[in-house]
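K.L.:
Before I ask anything, here is the structure I am working with.
The values are calculated or read from the model by the stated rules, or taken from the named source; none is laboratory data. On a predicted model such as this, the values are computed, not experimentally measured, just so you know. Neighbour counts are summed over all protein chains in view; Cβ atoms, including those assigned to glycine, are modelled from backbone coordinates with ideal geometry.
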Amino acid sequence: MFVRRDLILGTLAASVATSAWPQTPPPAKAGEAPVPDLPDPVETIDLWPEGAPGMPDAPPVETVDQRGTDPDLPDRAVRGITRPRLVVFRPRIPNGAAVLAMPGGGYLRIVIDKEGYEIARWLSARGYTVFVLFYRLPGDGWRAGPDVALSDAQRAMRLIRYRARDFAIDPDRVAAMGFSAGGHLCGDLATRFAAKTYDSVDAADKLSARPFVAAPIYAVQSMTLPVAHAGSREQLIGKDASPTLERAHTPASNVTKQTPPCFLLHAEDDATVPVENSLLFRAALKAQGITVETHLFANGGHGFGLRRTIGKPVGAWPDLFVEWAKTQSLA
């Protein structure tokens, strides 16, 4: 049972325990100045102590691109991940719950700020310990193929639980949240958490990878055209994938009674990832009797995160998630 004493012990142990694990710095562009009053996190956890399995013959090179033009509002994306890792956001007063956050990027890149650090800061300010996952990309030639990002998500969930005391969190109360293609990864983790996608490397891999709850946000879900996001589909399973392969990587096709409760969010005017992705997933969840909270907004488009919701009803979504999470006893 998780009690307040665990919070105290976990906090005291954190500085000692983290030094024993390998760490690679967060993705960063060489020579880039930090944003004033908005420092990047520095604490990371490498997922694979001996290196990620199934390295391509020609390994990609990790590269950070600055896509924005406002120096006070960065919009960075990273590609070519070879050392998948978690970037940690610790709250000042932890509430005992954690969130594994998976940014999107069409399985071509991983958005750093808009769907990673910004939501992590927002949630950590409310007591959640947040782990932003920088996962390997399926188009880079890893041996695991379409399962490579899921391997990293499974491993991340297990590591968070294994090190729960280091972060003063309850190992049972670890949620998953993902955006766009990261939302597909979130749905994949929620439905295929028990799939064997890699060989066990240590004691952490004996733990469950099942999220306590899952929140796929404007998520890619279907791998079948025309509902599928064509770019994500091509990167994940290939342009000429068979119907069998499509079904294997469509979360709605893999829902079981063990799938955790889900929070779904989508804008109906999303011209990039059709709202049918979330509707089909909701229908599959309902068919299995899984608790599902669904919020559809008339306006919002795609990739709104936090920064593109100002003045719109969709701006309420983070608070809606937190209130729903309370009903599920996440915090």
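K.L.:
Consider PRO71 carefully, then state whether it is more than 22 Å from ALA215 (Cβ to Cβ) and touching a His at 6+ places or on another chain (Cβ under 9 Å).
P.N.:
no
K.L.:
Still on this structure, please answer the following. Quick one: is HIS229 surrounded by 24 or more Cβ atoms within 10 Å (Cβ to Cβ), of a type outside the set (A, V, I, L, M, F, W, C), under 22 Å from the mean Cα position of the chain (by Cα) and farther than 30 Å from ASP172 by Cα?
P.N.:
Yes; evaluated as a whole, the condition is true for this residue.
K.L.:
Something else: Limited to the stretch 276-291, what total is found for residues that are surrounded by 17 or more Cβ atoms within 10 Å (Cβ to Cβ) and under 22 Å from ASP319 (Cβ atoms)?
P.N.:
Going through the stretch 276-291 one residue at a time, the tally reaches 2.
K.L.:
Regarding the stretch 278-291, can at least one residue be identified that is on the phi > 0 side of the Ramachandran plot and outside any helix (DSSP H, G or I)?
P.N.:
yes
K.L.:
Specify which of the listed residues (ALA195, ALA190) is within 25 Å of TRP48 (Cα to Cα) and surrounded by 17 or more Cβ atoms within 10 Å (Cβ to Cβ).
P.N.:
ALA190
K.L.:
Quick check on my filter: what residues within the stretch 143-167 are assigned to a loop (DSSP other than H, G, I, E, B) and more than 23 Å from ALA331 (Cβ to Cβ)?
P.N.:
Passing the criteria: ARG143, ALA144.
K.L.:
Right, here's the next one. Could you name every one of the strands (runs of 3 or more DSSP E) located completely within the stretch 50-142 that has at least 3 residues being surrounded by 16 or more Cβ atoms within 10 Å (Cβ to Cβ) and either in contact (Cβ under 8 Å) with a residue 24 or more places away in the chain or of a type in the set (Ser, Thr, Tyr) (or both)?
P.N.:
76-79, 85-89, 98-102, 129-134
K.L.:
Tell me whether the stretch 241-262 contains one or more residues that are surrounded by 16 or more Cβ atoms within 10 Å (Cβ to Cβ), in contact with a Phe, Trp or Tyr (Cβ under 7 Å, 6 or more places away or on another chain) and over 17 Å from PHE179 (Cβ atoms).
P.N.:
Scanning the stretch 241-262 turns up at least one residue that is surrounded by 16 or more Cβ atoms within 10 Å (Cβ to Cβ), in contact with a Phe, Trp or Tyr (Cβ under 7 Å, 6 or more places away or on another chain) and over 17 Å from PHE179 (Cβ atoms).
K.L.:
While we're on this one: Quick one: is LEU245 under 20 Å from the mean Cα position of the chain (by Cα), outside any loop (DSSP other than H, G, I, E, B) and not aromatic (Phe, Trp, Tyr)?
P.N.:
Against the criterion (under 20 Å from the mean Cα position of the chain (by Cα), outside any loop (DSSP other than H, G, I, E, B) and not aromatic (Phe, Trp, Tyr)), LEU245 does not qualify.
K.L.:
Hey, can you tell me all the residues within the stretch 292-331 that are under 30 Å from THR224 (Cα atoms) and part of a loop (DSSP other than H, G, I, E, B)?
P.N.:
Passing the criteria: ALA298, ASN299, GLY300, GLY301, HIS302, GLY303, PHE304, GLY305, LEU306, ARG308, THR309.
K.L.:
Six or more apart or on different chains, Cβ under 6 Å: which pairs go from a residue in the stretch 310-331 that's at pLDDT below 95 to one that's among the β-branched types (Val, Ile, Thr)? Could you list them?
P.N.:
GLY315/THR309; LEU330/VAL213
K.L.:
What is the residue count in the stretch 248-273 for residues that are assigned to a loop (DSSP other than H, G, I, E, B) and closer than 15 Å to LEU189 by Cα?
P.N.:
Residues flagged as assigned to a loop (DSSP other than H, G, I, E, B) and closer than 15 Å to LEU189 by Cα within the stretch 248-273 amount to 9.
K.L.:
Tell me which of these SER232 doesn't satisfy, since it passes every other one: (1) in contact with a Pro (Cβ under 9 Å, 6 or more places away or on another chain); (2) in a helix (DSSP H, G or I); (3) closer than 23 Å to LEU47 by Cβ.
P.N.:
(1)
K.L.:
Could you list, in sequence order, all residues of the stretch 141-170 that are under 14 Å from the mean Cα position of the chain (by Cα) and of a type in the set (Gly, Ala, Ser)?
P.N.:
ALA149, SER151, ALA153, ALA156
K.L.:
While we're here: So if I check each of ALA52, ALA77, which one is under 30 Å from ALA203 (Cα atoms), at pLDDT 90 or above, among the aliphatic types (A, V, I, L, M) and within 19 Å of the chain's Cα centre (by Cα)?
P.N.:
One residue alone meets the criteria, ALA52.
K.L.:
Further question on the same structure: What residue, among those in the stretch 171-209 that are assigned to a loop (DSSP other than H, G, I, E, B) and among the hydroxyl-bearing types (Ser, Thr, Tyr), is nearest to the chain's Cα centre (by Cα)?
P.N.:
Here the residue is SER180.
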